[in-house]
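Participant: One structure follows; several queries about it will come next.
Values in this text are rule-based calculations from the coordinates and carry no lab data. Note that the structure is a prediction, hence the values are computed from the model and not measured. All Cβ positions, even for glycine, are placed from backbone atoms using ideal geometry, and neighbour counts span all protein chains on display.
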Amino acid sequence: MLENHLKIFAGTVSDMLTQLGIGEIVEGVYTCPASVIEQGDLLVIIGLTRDIRGSVIYRLSSDLAMTITSSMLGGSSVNVIDDMFKNAICEFANMVSGMAVSALPVGILVDITPPTLVIGQELTISAGCNDILVSKIETSLGHLSVCLAINKE
Amino acid sequence: MKVMIVDDSQFIHMAVKSALVPAGYEICGTFNNGAEAVEAYANLKPDLLIMDVTMPVMDGITAARKILSDFPDAKIMMLTAMGREDLVLEAKEIGIKAYKTKPFKANELIAVVDGLFLSCKN
């Protein structure tokens, strides 16, 4: 079940990256978090409520995030972590998550919370959930990890 | 035509402005959550309110209910990443005139807004 949900989130990320012109995307294997979530200095966390309770966490390098936000801003150069950059990368995660929860199987209703952005080196995540799976999406500009952390009833 | 934008993302404020201003629309105010929208609506009386669903403090559906209870003719369009069918239905039931999912292209947004004003005129 969790793997199927994660595939939807990862597939939506891949589709969005393709739309933004970030090519050579390869969706990764679904693994436990420890082996893949350690790289990347930027996290965007979105809470999931109602039928699925937990979080979806996007982890990527600031370089890849700048490429994504540059594309979202119509090709404007993005070289610094300013408010517009932070807003745009949060909106990227918000749009991906909104599209993904809308694509979940009929009958599963999930709301998302506003995004939380965390920036820093050597970040450690403790999602506080009992079911966690990560998908690593490779791009020509670095990778992006999608972590789905769910509380089972 | 005066348009008010309500979204917790400054990026969306900018994207909507960039799409609508060249098409001849005036942005009369930008706000970050539903509570701010409810407070500002009476003063600004926009021709169209474009609002997100998921926002801190007060979500867009709750804000739309409050605004429509005081101003039943208010034109409200939801602009959200959430394309869930139940949300679209709920929005229609409370009197929201249009629903557009993110991400959007400028020409798509203009088409929905133009269509909304056209349908209300007819």
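Participant: Assign one of three labels to chain A, namely rounded, prolate or oblate, based on the Cα gyration tensor with a ≥ b ≥ c the square roots of its eigenvalues; rounded applies when a/c is under 1.5, prolate when it is not and a/b is larger than b/c, and oblate otherwise.
Facilitator: prolate
Participant: Hey, another quick one. Quote the relative contact order of chain B in percent (integer), defining contacts as alpha-carbon pairs under 8 Å separated by 6+ residues. Present the calculation step by step, with values, prior to reporting the outcome.
Facilitator: Numbers: 189 pairs, mean separation 28.6, N = 122.
Here the relative contact order equals 23 percent.
Participant: What average number of partner chain Cβ atoms lie no more than 10 Å from the Cβ of the residues making up B:75-87?
Facilitator: 4
Participant: Could you tell me how far the Cα centroid of region B:1-49 sits from the Cα centroid of region A:2-17, in Å?
Facilitator: Cα centroid to Cα centroid, the span is 32 Å.
Participant: Same structure again: With +1 on the Cβ of every Lys and Arg and -1 on the Cβ of every Asp and Glu, and nothing else charged, how large is the dipole of region A:63-153 about its Cα centre, in debye rounded to the nearest 20?
Facilitator: 120 debye
Participant: Once every DSSP H run of n ≥ 4 in chain A is given -39500 (n - 2.57) and the sum is divided by its residues, what mean residue ellipticity at 222 nm do you get, rounded to the nearest 500 deg cm²/dmol?
Facilitator: -10500 deg cm²/dmol
Participant: A follow-up question, please. Please report the antiparallel percentage of DSSP beta bridges with both residues in the protein assembly as shown, rounded to the nearest 5.
Facilitator: Working: 34 of 50 bridges.
Restricted to the protein assembly as shown, the bridges split so that about 70 percent are antiparallel.
Participant: Quick check on the exposure proxy: order A:SER76, A:SER14 from fewest to most C-beta atoms within 10 angstrom.
Facilitator: In order of increasing Cβ crowding within 10 Å: A:SER76, A:SER14.
Participant: Under unit Cβ charges (Lys, Arg +1; Asp, Glu -1), what dipole magnitude, rounded to 20 debye, does the protein assembly as shown have relative to its Cα centre?
Facilitator: So the dipole magnitude of the protein assembly as shown works out to roughly 560 debye.
Participant: Let me ask you something else. Where in chain A are the helices, taken as whole DSSP H runs, whose Cα atoms extend 18 angstrom or more along the long axis and whose Kyte-Doolittle mean reaches at least 0.5?
Facilitator: A:83-102
Participant: List the relative contact order of chain A as a percent without decimals, with contacts defined as Cα pairs under 8 Å and 6+ residues apart.
Facilitator: Values: 290 pairs, mean separation 61.0, N = 153.
Result for chain A is 40 percent.
Participant: Suppose every Lys and Arg Cβ carries +1 and every Asp and Glu Cβ carries -1, with no other charges. What dipole size does region B:2-121 come out with about its Cα centre, to the nearest 20 debye?
Facilitator: So the dipole magnitude of region B:2-121 works out to roughly 300 debye.
Participant: Same structure again: Mind checking which of A:VAL101, A:VAL80, A:VAL134 has the largest fluctuation in a GNM of chain A, springs on alpha carbons under 10 Å?
Facilitator: Residue with maximal mean-square fluctuation among A:VAL101, A:VAL80, A:VAL134: A:VAL80.
Participant: Now, a different point. Enter the mean number of other protein chain beta carbons within 10 Å of the beta carbon of each residue in A:83-92, as an integer. Let's see the in-between values first.
Facilitator: Details: counts 2, 3, 1, 3, 8, 6, 1, 4, 11, 3.
Across the residues of A:83-92, the mean count of other-chain Cβ atoms within 10 Å is 4.
Participant: Which one of B:ALA91, B:VAL6, B:VAL16 has its Cα pushed farthest toward the positive end of the charge dipole of chain B, where Lys and Arg give +1 and Asp and Glu give -1 at the Cβ?
Facilitator: B:VAL16
Participant: With springs only between Cα atoms under 10 Å, which of B:ALA111, B:ALA74, B:ALA91 fluctuates most in a Gaussian network model of chain B?
Facilitator: Of B:ALA111, B:ALA74, B:ALA91, the most mobile in the Gaussian network model is B:ALA111.
Participant: Related question: For B:CYS120 and B:LYS66, what does the FRET efficiency come to when R0 = 25 Å and r is the distance between their Cβ atoms, rounded to the nearest 0.05?
Facilitator: Once the sixth-power term is evaluated, E becomes 0.75.
Participant: Mean-square fluctuation check for chain B, GNM, Cα pairs under 10 Å: which of B:ILE94, B:ILE50, B:ILE61 is largest?
Facilitator: Ranking B:ILE94, B:ILE50, B:ILE61 by mean-square fluctuation puts B:ILE94 first.
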